[in-house]
Structure formats: C-alpha cells, structure tokens
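Here's the structure, in structure tokens; my notes come after.
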Amino acid sequence: MSTAPLTAIPVHLFTGFLGSGKSTLIHRLIEQKPADERWVVVINEFGQVGIDQAMFEARDDVVVKGLPGGCLCCQLAFILQATLVNLLHRHRPDRLIIEPSGLGHPAGLLDVLQGEAFIGVLVLRDVVALLDPARLEDSRAREHETFNDQLAMADAVALTMSDRATPGQLVGARHHVEAMWPPKKWVAEVAHGELPVSLLLESGQHRKEARPRVSGGHDALRDSARQVVVLDGFDAAAPQPGQPLQESGMALGYRTLSWRWHCEDVFDLDRLTQVLDRLPSQLRVKGVLHTDAGWKLYNRGDGAASLAASAWRKDSRLELIAESEFMPSVEETLTALQACRRQGRKDAAWR
C-alpha cells in the first residue's frame with residue numbers, strides 16, 4: 001500500500017469447520033457494532049456462488065465482500081492481498097473481519113495478513129475458532145487435519161450451537177479445548193450466534209506460537225493456483241428465467257455443487273423444503289431462494305436446518321457441499337428442484 005494509516009486497523013479472524021455458524025456469529029456481532037465504527041467483512045466460501053454474503057443487508061457502515069470459489073489460504077491467497085488493499089483504500093474501515101472457508105487452513109491466511117504488505121497497516125487480533133460441540137462425536141471431523149489445526153492455532157474458542165448441544169457434549173467440548181497447549185484466552189458458549197461484541201473490541205494481539213504446517217492438500221492447491229491468473233471479481237453470467245446455471249468444484253476431498261436461478265423464478269416453499277430435507281444428512285446445504293412465501297435463507301449443517309427471511313433479491317442460489325461419496329446425483333437433484341418451481345403463465349412463455 002502506498003500510505004499507511006496513523007493507527008493500524010485491527011483484524012479479527014473467525015475460523016471453524018463447515019457449518020460451525022461463522023456467518024451467523026458475524027451477523028450478530030454487526031448488530032452490536034459501535035455506531036461510530038465502519039467495518040469491512042470479507043467472507044470466503046469454499047463453494048462457487050457466494051451465499052453467505054446474502055445474509056448481510058446493505059448498509060453504509062458495513063461493507064461485505066464475498067470471495068467464493070476456493071480457499072483463502074491457497075486457491076485465493078494470491079487475490080486476497082489485492083482485494084484487501086482495494087477495500088482498505090476505498091472504505092477506510094475501523095475494523096476488518098475475515099471469515100475463511102470452513103475447509104481453510106489459517107496458516108496461509110495469517111502469512112498474508114502479517115506479511116510485509118500490511119506491516120503497520122493491519123494488526124491481527126485474537127483468532128477465534130468456532131466449534132460445534134456435536135462435531136467432536138464425528139470421527140471424520142475429529143480426525144480431519146484442518147479441523148484440528150483451526151482449533152490449535154486459535155487464541156480463543158466459541159462453542160457454537162450451544163442451544164442445541166447436550167450437557168455432555170458441552171462438557172466434552174470444554175475438556176477437549178482446555179486440554180490444548182498453550183491454553184486459550186477464553187472459551188465461551190454461544191447460543192444462536194450471540195457472542196458479546198466486547199470480546200471483539202477488547203481482544204488482544206494474536207499469539208505467534210509455532211504454527212502447524214499446512215497440509216499436503218493445501219500445498220498442492222497453492223502450487224496449482226500460482227499457475228493461473230485469478231481476477232478479483234465474481235460477476236458471473238446471469239441465469240435466464242426457467243434455465244438455472246450450474247457450477248461445481250472439488251478440492252481437499254470435498255465436492256461442491258451449486259445452481260443459480262433467475263430472480264423471477266418462484267419456488268413452492270413447502271415442496272422445496274421437503275426436497276432439501278430429503279437430501280443426505282452428510283450434506284452442507286445453503287441457499288437463498290425466491291419462494292411463494294418471500295425470499296428465504298435456507299441453512300443446514302449436521303442435519304439441522306433453519307429457514308429465515310432474506311433481503312437478497314438478485315437471484316436464487318443453492319449450494320451443496322460434501323465429501324464426494326455423499327454427493328447425490330446431479331440430474332436427479334436438479335429435476336427434483338425444478339419440480340418445486342411454481343408453474344404459471346410466465347413459465348409457459350419462457351419455455
């Protein structure tokens with residue numbers, strides 16, 4: 001950057017495995033934001049279409065930038081620096097919040113934030129890892145290298161979904177975290193994403209203990225990313241009415257499958273939720289959809305689904321994320337989804 005602000009901008013990093021509630025927690029923090037602060041929020045999604053950013057309503061004092069389509073620590077690391085420079089110059093925020101992909105390894109991201117380009121410009125505050133206590137009962141997650149490294153590198157841990165966890169799960173999660181070294185600065189139980197904003201505003205500086213080495217899978221993605229030019233922009237072609245656009249991706253053993261529909265395509269909410277609820281329980285499912293009951297945000301992780309109103313109006317989006325073996329048939333899934341669209345005079349004209 002050409003010039004540095006007089007005071008370094010605090011950066012808050014929220015890590016956590018798929019479905020741990022990162023976007024919900026950040027949304028709740030924004031609701032508590034000091035009125036005199038401007039925040040920039042950078043959301044990285046492993047999926048292709050950028051759904052988490054649809055959770056955030058447009059406002060003058062909060063700028064939300066989505067970086068979908070990969071992992072900030074490897075696939076998108078080479079555009080993150082340019083994106084941050086642009087955001088900092090354009091918006092001059094008082095605080096920067098970053099939500100990396102649930103499959104993202106924090107080490108590469110920390111290297112960017114603490115690199116030469118941002119010396120004196122950014123100061124990394126306590127890194128907070130989000131942990132759903134129920135995840136510790138899943139051997140696939142418990143043995144996943146990135147899952148463990150996210151917790152190991154964090155300064156503090158938020159036990160999310162505590163309103164859905166059993167007392168035994170909460171005790172087990174606390175014991176798991178408290179057994180780590182060095183000890184965490186704090187461990188908080190967080191119901192409905194309600195983390196006190198004071199923990200953010202009063203946080204200390206990130207501890208620079210030795211970091212776990214990035215896994216071989218992330219190394220391979222980073223090496224391949226160096227060979228391509230990635231543009232800072234995700235303005236994909238707009239879908240036509242009745243003709244959804246499909247995208248897919250695969251990395252780190254996980255596959256993503258997504259669709260976008262024209263904003264005038266309207267879904268029958270009851271039929272749609274029935275289709276989504278019947279998808280394999282191992283799937284992470286996120287969507288913002290135009291329904292006969294209004295625009296809705298659908299969010300499912302670890303088999304538990306929620307439905308909320310959404311201010312997003314640009315298009316309907318749906319994303320499935322899972323280990324490859326659990327991904328359902330593309331053709332059958334799309335057929336079931338298309339059958340949920342309300343059929344009317346306009347639809348007939350579009351076909």
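The values are calculated or read from the model by the stated rules, or taken from the named source; none is laboratory data. In this text the structure is predicted, and so the values were computed from the model without any measurement. Quick reminder, even Gly has a Cβ in these numbers, built from the backbone with ideal geometry, and neighbours come from all protein chains shown. Note: areas computed on protein heavy atoms with side chains; ligands, DNA, RNA excluded. Shrake-Rupley method; radii C 1.70, N 1.55, O 1.52, S 1.80 Å.
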Residue satisfying condition, being within 22 Å of residue 196 (Cα to Cα) and touching a helix residue (DSSP H, G or I) at 6+ places or on another chain (Cβ under 9 Å), within set 136, 122, 151: 151
Helices (runs of 4 or more DSSP H) within the range 102-185 that include 2 or more residues crowded, with 17+ Cβ neighbours inside 10 Å: 106-113, 145-153, 167-178
Sole residue being open to solvent by 60 Å² or more (accessible area, probe 1.4 Å), under 30 Å from residue 261 (Cβ atoms) and at pLDDT 85 or above, chosen from 205, 243: 243
Residues (in contact with a His (Cβ under 8 Å, 6 or more places away or on another chain), open to solvent by 30 Å² or more (accessible area, probe 1.4 Å) and at pLDDT 80 or above) located in the range 30-55: 38
Check on residue 336, open to solvent by less than 60 Å² (accessible area, probe 1.4 Å), over 26 Å from residue 27 (Cα atoms), of a type in the set (Gly, Ala, Ser) and over 17 Å from the mean Cα position of the chain (by Cα): yes
Neighbours by Cβ (under 8 Å, 6+ apart or cross-chain): first from the range 7-23, within 20 Å of residue 194 (Cβ to Cβ); second of a type in the set (Phe, Trp, Tyr) and part of a strand (DSSP E or B): 22/14
Residues satisfying the stated conditions in the range 56-69, i.e. over 11 Å from the mean Cα position of the chain (by Cα) and of a type outside the set (Gly, Ala, Ser): 56, 57, 59, 60, 61, 62, 63, 64, 65
The one condition in (1) open to solvent by 10 Å² or more (accessible area, probe 1.4 Å); (2) of a type in the set (Asp, Glu); (3) at pLDDT 90 or above that residue 99 fails to fulfil: (1)
Residues being open to solvent by 30 Å² or more (accessible area, probe 1.4 Å) and of a type outside the set (Lys, Arg) - total across the range 246-272: 12
Single condition residue 81 does not satisfy, out of (1) open to solvent by 20 Å² or more (accessible area, probe 1.4 Å); (2) modelled with pLDDT of 90 or more: (2)
Residue match in the range 56-75 (condition: assigned to a loop (DSSP other than H, G, I, E, B), open to solvent by less than 10 Å² (accessible area, probe 1.4 Å) and either acidic (Asp, Glu) or at pLDDT 90 or above (or both)): no
Pairs with Cβ under 7 Å, 6+ apart, first in the range 105-123 and more than 17 Å from residue 7 (Cα to Cα) and free of Cβ contacts under 8 Å to residues at least 24 places away in the same chain, second assigned to a loop (DSSP other than H, G, I, E, B) and among the basic types (Lys, Arg): none
